[in-house]
1. Restricting attention to strands (runs of 3 or more DSSP E) lying wholly within the range 40-108, give those where 1 or more residues are farther than 29 Å from F245 by Cα and acidic (D, E).
2. Please count how many residues of the range 168-186 are under 11 Å from Q124 (Cβ atoms) and out of contact with any helix residue (DSSP H, G or I) (no Cβ under 8 Å at 6 or more places or on another chain).
3. Output yes when any residue across the range 15-35 is aromatic (F, W, Y) and loosely packed, with under 14 Cβ neighbours inside 10 Å, and no when none is.
4. So which helices (runs of 4 or more DSSP H) are wholly in the range 223-337 and hold at least 1 residues that are modelled with pLDDT under 85?
5. Would you be able to say whether some residue in the range 53-76 is surrounded by 23 or more Cβ atoms within 10 Å (Cβ to Cβ) and more than 29 Å from Q170 (Cβ to Cβ)?
6. Spot the failing condition for R46; the list is (1) without any contact (Cβ under 8 Å) to a residue 40 or more places away in the chain; (2) surrounded by fewer than 22 Cβ atoms within 10 Å (Cβ to Cβ), and only one is missed.
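The values are calculated or read from the model by the stated rules, or taken from the named source; none is laboratory data. Just so it is clear, the model here is predicted, and its values are computed rather than measured. FYI the Cβ positions are ideal-geometry reconstructions off the backbone, even for glycines, and counts take in every protein chain you see.
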Amino acid sequence: MFDQIIDPVTGFEIPKSWIELAKDPQIFEKIQSGLYVLLSNGNLLRRGLTTGTTAAAACKGAILSLHYPQDIADVMTPAGIRVKLPVNARKGFCIAIKDGGDHQFDVTHGLEIIAFAEDCDSIQLIAGKGIGRISKIDLSDPICRYAISQSARKQIMEAINESLVETKMQGAKIELSVPRGEIVAKDTLNPRLGIEGGISILGSTGFSEPWNDHLGESRMDEIRDSTRVVVTTGRTGLKYSKMLFPDHKAVLLGSQLDRVEFRMDQESIVCGLPALILKWAWPQILDGTGYKTISEMIEKEPNHPQISEALKRAKAKLPDTRIILLQKDGKFFRDLL
């Protein structure tokens, strides 16, 4: 029915065979919304929304509610997709709830993100209780001392500006807070990153993927305990591995491929972007080539003999394992069964 479907969040061109397996009659509309990910077996998983998107909705709802109550706030995401979030906004006070989608381990799912807005001559954004503080402080801009990423801050400011235009206000003072942020932050990576006092407000696309992409302490146990397992070297590889092989346990291992040991009875795959996999297979792959990086060599000479040699060495290390090198758009660069 459709010649081509592109995931609007990742830019991934979804294979027709995946679409044909999907039984949902609204498959096209759901994918175009950005809120769903299609897997290779035809199943759909629901994306969540980032803390940045949730905070943007809270700020917009708070400002608009200075004029009239709000139950829905629509905001633009960094991915260029507009989304609507339920809010409870009255008299400048707005509550938005963080939605983790189908991510089973999103500790921020269900968190209240609150914004309180007041009329003002300029735009003032204040980070309050429950938003993490970072050690590097830019005294010229107090908001920079808090864990609000550049993309999330831009999204929030865009939502604020939209609401000011709609209400014809000159400015607003908005305080953001996350009442349970400090408690929940203990279950995130923030304490290890030196971020104290709360969660981070993040989101490069505005959407959160429906799987865990953090390195876990028990990842070697995850590999050993899985009948079907796909090991990947980075978050891009993890994202596409989850889509390509939904019946496999996907484990993000980073640069630690030397530590992996598969059982004889396992169906095992190594899948990811080429650089780390080829470097692991043959650390001297670039010697004598004149190239400074593997990415440069692949771009200019995708059939360079050193690549084939590195893949032979990879198969020698893991003879019973399928090895897949991915392009950045998720298409296969090499596939060794």
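1. Details: elements: 44-46, 70-76, 82-90, 93-97.
Filter on the range 40-108 gives 70-76.
2. Taking the range 168-186 and keeping what is under 11 Å from Q124 (Cβ atoms), we get 171-175.
Add one more test, that the residue is out of contact with any helix residue (DSSP H, G or I) (no Cβ under 8 Å at 6 or more places or on another chain), and what stays is 173, 175.
Of the residues in the range 168-186, 2 are under 11 Å from Q124 (Cβ atoms) and out of contact with any helix residue (DSSP H, G or I) (no Cβ under 8 Å at 6 or more places or on another chain).
3. We begin by selecting, within the range 15-35, every residue aromatic (F, W, Y); these are 18, 28.
Going one step further and asking which of them are loosely packed, with under 14 Cβ neighbours inside 10 Å, we end up with none.
No, the conditions are met nowhere in the range 15-35.
4. 235-244
5. There is no residue in the range 53-76 that is surrounded by 23 or more Cβ atoms within 10 Å (Cβ to Cβ) and more than 29 Å from Q170 (Cβ to Cβ).
6. Against the list (1) without any contact (Cβ under 8 Å) to a residue 40 or more places away in the chain; (2) surrounded by fewer than 22 Cβ atoms within 10 Å (Cβ to Cβ), R46 comes up short only on (1).
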